[in-house]
Amino acid sequence: MDSNGQHFIIDAKECQAEILNDAKLLEKVLTKAVSDLGMEILNTHFHSFLPHGVTGAIILSTSHFSIHTWPEHRYAALDLYTCGNQENYGQY
C-alpha cells in the first residue's frame, strides 16, 4: 500500500480571544482556507461552548481539518490531515 499523506498539527498561541470564541467566523475563515487550497469539503460542524471555546471539524474528501479553542488562554489546537495530492497544499 502506498500512502502519501501529510499531517499538520498546530499549536497556535497568543491568538485573538474574540476570534477564538466565534464559531461562525472560525467556520467561515477555515472553510475558505481549505477551499482556497483546492480541497473538497464534504461537511462541516462547529460548536460553541459556554462560557467560551469552540470546537470544529471540516470533513474533507481527503480526510479532515479540526480546531479546538481556549479563548481564555488565547490558544487554539489545529489538526489537518490529507491523503490527497499535496502539490498545491502548503501555500499558507
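No lab work stands behind these numbers, since they all come straight from the coordinates. As the structure is a computational prediction, the values presented were derived from the model and not from experiment. Cβ sites come from the backbone with ideal geometry, for glycine too, and all protein chains shown count toward neighbours.
Would you confirm whether any residue within the stretch 18-38 is on the phi > 0 side of the Ramachandran plot and either outside any loop (DSSP other than H, G, I, E, B) or of a type outside the set (A, V, I, L, M, F, W, C) (or both)?
yes
If you take the residues of the stretch 1-28 that are touching a helix residue (DSSP H, G or I) at 6+ places or on another chain (Cβ under 9 Å) and loosely packed, with under 12 Cβ neighbours inside 10 Å, which of them is nearest to residue 73 (Cα to Cα)? Step by step, filter the stretch 1-28, then rank; the result is 13. Scanning the stretch 46-60 for residues that are out of contact with any helix residue (DSSP H, G or I) (no Cβ under 9 Å at 6 or more places or on another chain) and assigned to a strand (DSSP E or B), we see that the one that is nearest to residue 82 (Cα to Cα) is 59.
Here is a check on your reading of the model: is residue 33 in contact (Cβ under 8 Å) with a residue 24 or more places away in the chain, small (Gly, Ala, Ser) and surrounded by 15 or more Cβ atoms within 10 Å (Cβ to Cβ)? So residue 33 fits the description; yes.
Residue count for the stretch 45-63, restricted to those that are surrounded by 15 or more Cβ atoms within 10 Å (Cβ to Cβ), of a type outside the set (A, V, I, L, M) and closer than 28 Å to residue 4 by Cβ: 3.
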